[in-house]
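Step one of this worksheet: look at the structure below.
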Amino acid sequence: MSFRMNSVVHVVTTLAENTANPTNPDQNKDLELGKPDDTIDYMQRAQWLRASVLGANDGLVSVASLMIGVGAASSTMKAMLVSGLAGLIAGACSMAIGEFVSVYAQYDIERTMIEKGNTDDEDENKEPLANPWLAAGASALSFSIGGLLPLLAGAFIKAWGVRLGVVCAVTSLGLAIFGAIGALLGGAKPYKGSLRVLIGGWLAMLVTYGILKFFSAVLHVNISSSG
């Protein structure tokens, strides 16, 4: 009962203050929602943030892990280059298709909710619908940008050990940067985002290298030192 009385008193006080000090309608709406007008709406960033930052991280980890895994079985530069390029193209297409299907399902749900809702308030409270084409394009582009980093880093280095080291170093730097950017845009601390993404990327590369190295030894894959 005391909670309800305090709520009523708070509402009455707020209405009285608004009457005495009139403000613009948008500011009143923000106050009613309990949100100051200078607050960043991070939820509106969720669509492109997920499609771009996570796409770049996926590109980095996928292409780098594929190149390192192939490098565990073959020391040739061409093998790593072709495997990385194949992973880049296939991954970008896969990300675009998956994102398109996922966001289009969200778009259908939003359209259904609008059609079943109150049409009188639709124009006033209208929010942009999910854009599957934008999400698919952003996902494919960001995956390609992320995947290009390890691909270009190891494309022109002939020494096998140096090539693997450079790919790992460039990938780690890229993961740290993209992790920090994603955390900042999401309102979190950048070092936490970087650390999270780095640990995940290192584990992916380590597991891929270990499994491919094991199978190359079991299947007696010949490791050539040429080209």
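The values are calculated or read from the model by the stated rules, or taken from the named source; none is laboratory data. Since this is a predicted model, take the numbers as computed values, not measurements. Glycine also receives a Cβ, built like all others from the backbone with ideal geometry; neighbour counts cover every protein chain displayed. Ligands, DNA and RNA are excluded from the accessible area calculation, which covers all protein heavy atoms including side chains. Shrake-Rupley method; radii C 1.70, N 1.55, O 1.52, S 1.80 Å.
Key figures
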quantity	calculated
Packing-based order for 184-193, 158-167, 82-91, using average beta carbon neighbours within 10 Å, highest first	82-91, 158-167, 184-193
Solvent-accessible heavy-atom area per residue, rounded to whole Å², over region 135-227 at 1.4 Å	56 Å²
